[in-house]
Structure formats: structure tokens, C-alpha cells
6 protein chains.
Amino acid sequence: MSNDQLQTLLTQTPEDGYALAVKLAQKGVEVTQPSEEIRKLLRPVYSRDTDSLIAASQVIAIHFQTIAAANNYWRTWTPQYY
Amino acid sequence: MSNDQLQTLLTQTPEDGYALAVKLAQKGVEVTQPSEEIRKLLRPVYSRDTDSLIAASQVIAIHFQTIAAANNYWRTWTPQYY
Amino acid sequence: MSNDQLQTLLTQTPEDGYALAVKLAQKGVEVTQPSEEIRKLLRPVYSRDTDSLIAASQVIAIHFQTIAAANNYWRTWTPQYY
Amino acid sequence: MSNDQLQTLLTQTPEDGYALAVKLAQKGVEVTQPSEEIRKLLRPVYSRDTDSLIAASQVIAIHFQTIAAANNYWRTWTPQYY
Amino acid sequence: MSNDQLQTLLTQTPEDGYALAVKLAQKGVEVTQPSEEIRKLLRPVYSRDTDSLIAASQVIAIHFQTIAAANNYWRTWTPQYY
Amino acid sequence: MSNDQLQTLLTQTPEDGYALAVKLAQKGVEVTQPSEEIRKLLRPVYSRDTDSLIAASQVIAIHFQTIAAANNYWRTWTPQYY
């Protein structure tokens, strides 16, 4: 993500939206710890620690909520009863 | 979920929506730790740790919130006073 | 909850909505640790641990937020200024 | 809260809404640990532990978000630009 | 905040809204630990602990979300495409 | 951020919105620990601690959710099915 500017929150599919949520979660770590070298040292640790994995999944979940709303939940129709 | 693409957030029932929320929470762990082998080693640990179980339940709750909104809360009618 | 299918998020009262939020929070623990035996072993531990109790209360709060929105906050009137 | 049924999320003022949020957060602890005796034992501990205090404040914040939305943020006018 | 009643969530600017979010987060600590004496003892500890500082920042973030919504995000115009 | 007043939540792009979210998260730490000296001492610690990095990323995620909503998700069109 380092070199990418975040241009839009719109994605074609929920799958792409989820991938974007993962990137936004990683970006939050990158801005706090800009050194790629240090992040590489930390990665083997947290990717084997259960609580860190669940915590990372939670950050993704929050971003996915934002992205899903941005995409109007990828609905292609409006529910009749809306 | 590894082989499934996330195509839609729409489900027939809240029960199915909850099941999807569980999958999205697991997916967040999978993208951070892609090795199925390592995840299998971690599983017996966190599934017996109270704090990990509650944390996992929280990630599910956040995704369920997103999915419920996507499905307009599975309402089949609009409240009169809306 | 094990035997119940989640049919609807609609409840008659906020009190019933809160009870449903509690069930959804428990369901998240159950899907991660399906063994009722192991959950029974864990229960005396976490129900005497302050941080676990607060964490459990937080998961309930997130689900209650979803359920309250689903029920349009159990409003029976629309505020004039809406 | 033990004896009170939660009848409505509507309150006269934000202050009352905050008080209700506190009650809902406590209620989440009560349903997980129904024994008042045990809760009384835990209270002196967590009320002197910084992380527990902040965690409790967070649960209140989530409920306050729900209650504020339910009350349409206690607005008495609609912003012109809405 | 102890002596102030929370009268409104409306503020003139985002800056004022952020200040209110800080107060609401503190209020959550105060209701759980009403003794100002004990809170003063805890303060030097948590204000030098990284995890506590981030956790406090998170509670502020949740309240700011509520207050921003209450103020319709301090928008003075409606986006054309709304 | 110390010298900046928060004037608006509106930004030109999602990238700028993310940068603002980072600032709001830092601001929450600053109000709780106003001493820049102490914060500088803490920084090397938490920026090498995995759990702190993920927690910081989560606070950013919550603020980004608020800012994204404020900017109507930077949409330049309304989905047909809205």
C-alpha cells in the first residue's frame, strides 16, 4: 500500500472490498511503524499469536464495515420494503 | 472460505447472515496467517482461552452488524412510523 | 441457542432485544468452541474475571446496537423534526 | 437494573441517555455474572484498575451511540442543509 | 464534567466536538470510579502506559463518531449527489 | 495536530481522509498525555510492539469510518438503485 494512494472506496465485489479492508488495516500499522524492516521482524511473532490474529481480524472488520457502506453493500436492487 | 469468493452479503435469513459473519471473521485470520498448518496448531489454544473466545465473538458481532445492515435487517415490512 | 435458528431480529421490547443480543454474543463463543463440556469448564473462570465480564458486555453492546437499529429503536412515533 | 425492565431507549436529555448507557453496560455484566455477591467482590478490584475503567468506559460509549441514535441525537431542529 | 449536565451533543466546530468526546470518555471513567482521589492516583500510571493511552484514544473515537453524526458532520452544504 | 484546530472533516480524497483519521487518533493520545517529552519516550516502545500497533490501527479505523461517512464516502455519483 506504501506506494498506492487510496483513490476510492468503491469496489466491484465484496471480495475486492474485503481485500481493500485488509490493505487499510495494514496501512494503519505502516503509518505508526514506517520502517518496513521492523515490521518484517514483528510479522512472524504476531502471525503466530492468537490474540494478535483476532485483533487484526477486528480492524479488518471495522474497515470492511466502512467499505461495505460506501458500496451500498454491493446491492444491485432496492428491497421493495425499503 | 479459502476457496470461496465473497460474492454477496445478502442472505435469506439472519441465521445465514450470522454464518457469513463467522466466515468473514475467520477470513481475517486467514489473510494474516495464510498457513493452514499454523492455524491448526493455534486453534486448540485459543478455543480454550476465554478472552480469545470473547474476542472472536466480538469480530463476528462487527461483521454481523454489517451483514444485517446489508440485508436491511431481514425486515419484510416497513414500520409505519419510519 | 444451539438448537434455535435465528429467525428474526425483531422483538417486542428493548428488554427482549437485549436478551437476543446476549444470545448472539453467546452464539459467537459457541461457534468458536462447539464443545459444551469445555465451555462449562471455562465459565466459572471468566465469570469471575473482571476484564472478561467487561469484554462480554462489550460484545452484547455491539449486538444490541444492531438489534436496536433493526427494530427502528422500538420507536412508536416519528420525531416531528426528523 | 436487575428489577427494571428496559421499556424504552428514549430519554429527555443526553444526560439521561448517558445514564441509561451506563445501566445497559452494567446489565451486560449482570447477565454474565448474575451473582450480586461475586460482582461486589470484583468491584473494588476493577474500579482501581486503569485498563478496566477504560474498558468499562468503552462499553458505555457503544451503548451511548445506540441511545443517541434512538433519540435522533436529541435534536430539536433539522439542520437546513440536511 | 462532574458538575456539568450534558445538555446537547451539538457543537459549533469539529474541534469542539472532539473536546466533548474527550469529556464523555472521562465521564465513563468517573461513573465507574466516582472517587476523584483514586482517579488522581491512577492517572500518572495510565498516562505513561502506551496501551492505556491507545485504549483511551479509542473510547474518544467512538464518542466522536456519535457526536459527529449528531452534528451532521458539521457539513454546511449537501453534496449534490446525495 | 497540537497547533491545529480541527476545522472540518471534509477532505478531497480517501487518502487525505485516512491521513486525517491518523491525526485524530494521535490527538486522542495527546489529550490524555499532553507532555510531548513523555510521548516521545513511549513511542519507540509501542511502535515495536505488535499489539500496540494493531490497537493504534483500530483507532484509526474508527475515525476513518466517521470521516468516510462525513464525506459521503467520496462518492461522485449516486448508485441507481439507492
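Points to keep in mind about this one:
- Inter-part distance, region B:1-70 to region E:1-34, computed on C-alpha centroids, equals 35 Å.
- Within the shell defined by Cβ-Cβ distances under 12 Å, the residues around F:D51 carry a net charge of -3, with Lys and Arg each +1 and Asp and Glu each -1.
- Within a Gaussian network of chain D (alpha carbon springs, distance under 10 Å), most fluctuating of D:V29, D:V45, D:V59: D:V45
- nm² value of the averaged projected area, convex hull over the Cα atoms of the protein assembly as shown: 22.8 nm²
- At least 18 Å along the helix axis (C-alpha) and Kyte average at least 0.0, DSSP helices within chain E: E:50-70
- Gaussian network model of chain C, Cα within-10 Å springs - most flexible of C:A68, C:A21, C:A55: C:A55
- Interface between chains F and E: roughly 2900 Å² of accessible area buried, both sides summed (probe 1.4 Å, protein heavy atoms only).
- For the protein assembly as shown, accessible area per residue (1.4 Å probe, heavy atoms of protein chains only), Å²: 47 Å²
- Over 32 Å between alpha carbons, listed pairs B:K40/F:K27; C:K23/D:K40; D:K27/F:K23; D:K40/F:K23; C:K23/F:K27: B:K40/F:K27; D:K27/F:K23; D:K40/F:K23; C:K23/F:K27
- Summed side-chain charge close to B:R75 - residues other than B:R75 whose Cβ falls under 15 Å, Lys, Arg +1, Asp, Glu -1: +2
- For the protein assembly as shown, with all protein chains in place and a probe radius of 1.4 Å, 49% of the accessible heavy-atom surface sits on carbon or sulfur.
- A Gaussian network model of chain B, with springs between Cα atoms under 10 Å, assigns the largest mean-square fluctuation among B:T66, B:T13, B:T50 to B:T50.
The values are calculated or read from the model by the stated rules, or taken from the named source; none is laboratory data. Remember, predicted model here, so these are calculated numbers, not experimental data. Cβ atoms come from the backbone with ideal geometry, glycine included; neighbour counts cover every protein chain shown. Accessible surface is based on the protein model in full, side chains and every heavy atom, while ligands, DNA and RNA are left aside. Shrake-Rupley method; radii C 1.70, N 1.55, O 1.52, S 1.80 Å.
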